[in-house]
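Student: Can you read through this structure? Questions will come right after.
The values are calculated or read from the model by the stated rules, or taken from the named source; none is laboratory data. Only a predicted model underlies this, so the values are computations on that prediction, with no experimental measurement involved. Here the Cβ positions follow ideal geometry from the backbone for every residue, glycine too, while neighbour counts run over all protein chains shown. Each accessible area value is taken on the protein alone, full model and side chains, heavy atoms only, with ligands, DNA and RNA left out. Shrake-Rupley method; radii C 1.70, N 1.55, O 1.52, S 1.80 Å.
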Amino acid sequence: MMEEKGRENGVAAMKACYRRFDPAAYLQYNYTPPRADFTRKDSIVPWKLACLHRAFTEGDMSGELLVDIGSGPTLYQVMSGCEVFSKVLLTDFLEVNRQELRRWLQDEGQCSLDWTPYLQHVCKLEGRRPSAWTEKAAKLRQVIADILPIDVHCSQPLAPDALPLAGADCLVSCFCLESVSPDLAAFTRALGHIGKLLRPGGHLMLIGALGESYYFAGPGVRIPVVPLNEAQVCTSLKESGYTLIRLEVYTLTQDMRVGVDDVTGVFFVKAKKD
Ligand SMILES: C[S@@+](CC[C@H](N)C(=O)[O-])C[C@H]1O[C@@H](n2cnc3c(N)ncnc32)[C@H](O)[C@@H]1O
Ligand SMILES: O=S(=O)(c1ccc2c(c1)CN[C@@H](CF)C2)N1CCSCC1
């Protein structure tokens with residue numbers, strides 16, 4: 001009983017931190033130069049987009065439904081997957097993030113970030129001319145079927161009727177689980193919860209922070225993060241019923257340590273649900 005109470009308090013404290021999450025600031029801190037610098041080969045953006053492109057296009061994917069867990073206000077994570085899956089669901093805990101995504105989806109303007117450079121870069125990875133970014137944006141708007149509320153700390157993170165009975169064919173989740181969990185045990189439980197949304201044999205693409213203990217999601221909005229290392233990620237995946245296919249790691253260069261967090265590296269995982 002006491003242990004359960006402790007778990008609930010830890011999760012509740014994390015949820016309280018997210019009440020002040022500022023989507024525009026978050027995008028500014030993480031998705032503009034120097035972190036998002038397409039002119040530099042060693043920048044983290046080309047690395048991450050290349051990991052996603054390769055993982056989605058290496059020929060082992062099947063099915064129709066891709067679900068992005070904890071989308072936040074970002075879209076880069078589904079720019080390759082939208083060419084492989086006919087239906088994409090975006091999800092987030094906060095309405096402010098779901099609103100940001102809806103604004104882009106409805107092409108109403110007033111988006112907090114211009115995703116064009118990301119769309120152009122993914123087109124380049126696909127061997128298309130960068131000007132095809134408008135077609136990719138249209139494709140993305142065509143396949144995104146909904147933007148849903150989610151809570152990865154619930155044993156059933158989505159509404160009961162959100163997915164087909166068989167589950168999703170593929171999940172992607174970036175910088176979510178470690179950023180919303182009070183400790184490693186909660187991170188591992190959340191990994192298990194989202195695994196129940198995935199059909200057996202389905203793929204999980206997981207991107208996350210290594211060695212990060214906090215990040216800022218707005219001026220003075222400091223959010224604690226579970227500091228992870230590669231071994232812990234691999235153990236949590238195994239404990240949650242996944243088989244690791246590939247783990248890649250990017251070590252942030254000094255100039256990318258810009259004070260908005262204390263992340264030291266980023267991991268990319270491709271795994272399969274047992
Ligand atoms: C660090 S942001 C990651 C955003 C985006 N995926 C990216 O790649 O930058 C973490 C996201 O998790 C969401 N979140 C917070 N608590 C959550 C929960 N209990 N379940 C699911 N998502 C949650 C936040 O609203 C936020 O959008
Ligand atoms: O890897 S990033 O530098 C990045 C992107 C997002 C985040 C972090 C790092 C670290 N703190 C996380 C807090 F949850 C959020 N990157 C930013 C540019 S586009 C590719 C991803």
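Student: Residues of the chain: accessible area per residue at 1.4 Å, in Å²?
Tutor: Here the residues of the chain average 43 Å² of exposed surface.
Student: So, one more: Could you pull out every one of the aspartates and glutamates with an alpha carbon less than 12 Å from that of Lys196, ignoring same-chain neighbours closer than 8 positions?
Tutor: Once the sequence-local aspartates and glutamates are set aside, what remains near Lys196 is Asp169, Asp274.
Student: Here is a follow-up. What nm distance separates the two modelled labels at Ala231 and Lys5, each placed 7 Å from Cα along Cα→Cβ?
Tutor: If labels sit at Ala231 and Lys5, their model points lie 3.5 nm apart.
Student: Residue-wise, which Karplus ³J(HN,Hα) couplings in Hz belong to the stretch 218-224, taking 6.51 cos²θ - 1.76 cosθ + 1.60, θ = phi - 60°, and x for glycine or proline?
Tutor: Here the 3J(HN,Hα) series is x, x, x, 9, 9, 10, x Hz.
Student: Positive end of the dipole of the chain, charges at C-beta (+1 Lys, Arg; -1 Asp, Glu), about the Cα centre: which of Cys154, Ser62, Leu27 has its Cα farthest in that direction?
Tutor: My answer, from the dipole projection, is Ser62.
Student: Of all alpha-carbon pairs in the stretch 1-273, indicate the percentage at a distance above 30 angstrom.
Tutor: Above the 30 Å cut-off, the stretch 1-273 has 23 percent of its Cα pairs.
Student: Considering only protein heavy atoms and a 1.4 Å probe, what is the carbon-and-sulfur percentage of the accessible area of the chain?
Tutor: 54
Student: What lysines could a cross-link reach from Lys136, if we take a straight Cα to Cα line under 22 Å and drop same-chain neighbours fewer than 8 places away?
Tutor: Excluding near neighbours in sequence, the set is Lys48, Lys87, Lys124.
Student: Per-residue counts of other Cβ atoms within 10 Å, averaged by peptide: what ranking do you get for 25-32, 250-257, 59-66, highest first?
Tutor: 25-32, 59-66, 250-257
Student: From the protein chains alone at 1.4 Å, what is the descending order of accessible area for Cys176, Cys234, largest first?
Tutor: Of Cys176, Cys234, the descending order of accessible area is Cys234, Cys176.
Student: Toward the positive end of the charge dipole of the chain, about the Cα centre and with charges on Cβ (Lys, Arg +1; Asp, Glu -1), which of Ile44, Leu177, Leu228 goes farthest?
Tutor: Checking the options against the dipole of the chain, the answer is Ile44.
Student: What is the magnitude of the charge dipole of the chain about its Cα centre, with +1 placed on the Cβ of each Lys and Arg, -1 on the Cβ of each Asp and Glu, and no other charges, expressed in debye to the nearest 20?
Tutor: 320
Student: Further question: Considering only the chain, what is the antiparallel percent among its DSSP beta bridges, to the nearest 5?
Tutor: Restricted to the chain, the bridges split so that about 50 percent are antiparallel.
Student: What is the diffusion coefficient of the stretch 1-82 in µm²/s, taking the Kirkwood radius over Cα pairs and the Stokes-Einstein relation at 10 °C with a viscosity of 1.306 mPa s?
Tutor: Translational D for this selection: 100 µm²/s.
Student: Okay, moving on. Under 5 Å between amide H atoms, partner at least 5 residues away or on a different chain: which partners does Gly202 have, H built in plane at 1.01 Å?
Tutor: Result for Gly202 returns Lys273.
Student: Continuing with the same structure: Can you give the local net charge around Phe38? Use residues other than it whose beta-carbon is closer than 14 angstrom to its beta-carbon, Lys and Arg +1, Asp and Glu -1.
Tutor: That sum, taken over residues with Cβ under 14 Å, equals +2.
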